[in-house]
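The values are calculated or read from the model by the stated rules, or taken from the named source; none is laboratory data. Quick caveat: nothing in here was measured; it's all calculated off a predicted structure. Please note: Cβ atoms are built from the backbone with ideal geometry, for glycine as well, and neighbour counts cover all protein chains shown.
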Amino acid sequence: MKQADREAVRYPGLEDRRVLVTGASSGLGEHFAKVFAGQGSHVFVAARREEKVEGLASRIISAGGRATALRLDVSSSQSVSETLANLDLDVVINNAGTTVSKSALDHSGTEIDTIIDTNLKGVFHVAKAAAASMVARDIEGSIINVASILGHRVAGHASAYAASKAAVLQLTRALALEWARYGVRVTALSPGYIETELNRDFFASEAGKALIRRVPQRKLGQPEDLDGPILLLASDLGRFMTGADIAVDGGHLVSSL
């Protein structure tokens, strides 16, 4: 299916919804923002790099969509509470994340703190602020936490990142249980190796090609391969799903050790 055809498919319950995408300055966050704008949602694109999300918001508006740029540091509870105040969100894509490719012995304390503060505490800060608003307004909202297959299994030189993503998956389940009674759904999306502009050069290298050969489908995923799963979790089609985690990885998690 071509990208234009994908965008023509409308998922129920997303038109005119207010959708926050964190980490929207590049990569998957930017892609998700465009996907939801194509569904008729008003997208709030948030990141620390304000000029990047302002540019993204302008491009979405020029294409006929609705978007608002926000400067947001998810690792700061104050930044989250101030930025999300009065946004009246219906859907949250908790996408902001960071990593460092180093052995565990070489990780500095600052690097560990940054990864945990962004990947785990940031998810918690945003989910908590959004859910509080949803509960106060008595709406059935959806919060989707972008995790990783490294939250299920491990790889070298990614110990802090893997630990943070495993914690995100458990946090997703815990919040889903607590907030189900309010109609607030909390789910997770676990991408495998997805090609973006940030990793394209690496996957073109011999080391990158060796990693691709370990994926059962023998190929990288593309950002659009995540469209169906994330739209399912956000839309009314997934209204009986909470606490769930969808892996989109070309079969990587079920490959033999």
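Just to be sure, is V186 under 19 Å from N95 (Cα atoms), in contact with a Phe, Trp or Tyr (Cβ under 8 Å, 6 or more places away or on another chain) and either polar (S, T, N, Q) or at pLDDT 95 or above (or both)?
When the stated conditions are applied, V186 passes them.
Does any residue in the stretch 125-146 that is assigned to a helix (DSSP H, G or I) come within less than 6 Å, Cβ to Cβ, of a residue that is surrounded by fewer than 20 Cβ atoms within 10 Å (Cβ to Cβ) and not hydrophobic (A, V, I, L, M, F, W, C) six or more places away or on a different chain, and which pairs are these?
H125/S77; A129/S81; V135/Y182
Suppose we keep only residues that are surrounded by fewer than 15 Cβ atoms within 10 Å (Cβ to Cβ), in a loop (DSSP other than H, G, I, E, B) and at negative phi within the stretch 242-257. Which one would you say is modelled with the lowest pLDDT?
Step by step, filter the stretch 242-257, then rank; the result is L257.
Pull up the stretch 88-109, narrow it to residues that are among the small types (G, A, S) and crowded, with 18+ Cβ neighbours inside 10 Å, then point me to the one that is farthest from E30 (Cα to Cα).
Going residue by residue through the stretch 88-109, those that are among the small types (G, A, S) are 96-97, 101, 103-104, 108-109.
Those left that are additionally crowded, with 18+ Cβ neighbours inside 10 Å: 96-97.
Values: A96: 11, G97: 13 Å.
Ranking the qualifying residues of the stretch 88-109, first place goes to G97.
With the requirement that a residue be surrounded by fewer than 16 Cβ atoms within 10 Å (Cβ to Cβ) and closer than 23 Å to W179 by Cβ, what does the stretch 200-240 give you?
Answer for the stretch 200-240, where residues must be surrounded by fewer than 16 Cβ atoms within 10 Å (Cβ to Cβ) and closer than 23 Å to W179 by Cβ: D236, L237, R239, F240.
Taking the stretch 74-120, which residues are of a type in the set (D, E, K, R) and either in contact with a Pro (Cβ under 6 Å, 6 or more places away or on another chain) or free of Cβ contacts under 8 Å to residues at least 40 places away in the same chain (or both)?
The answer is E82, D106, D113.
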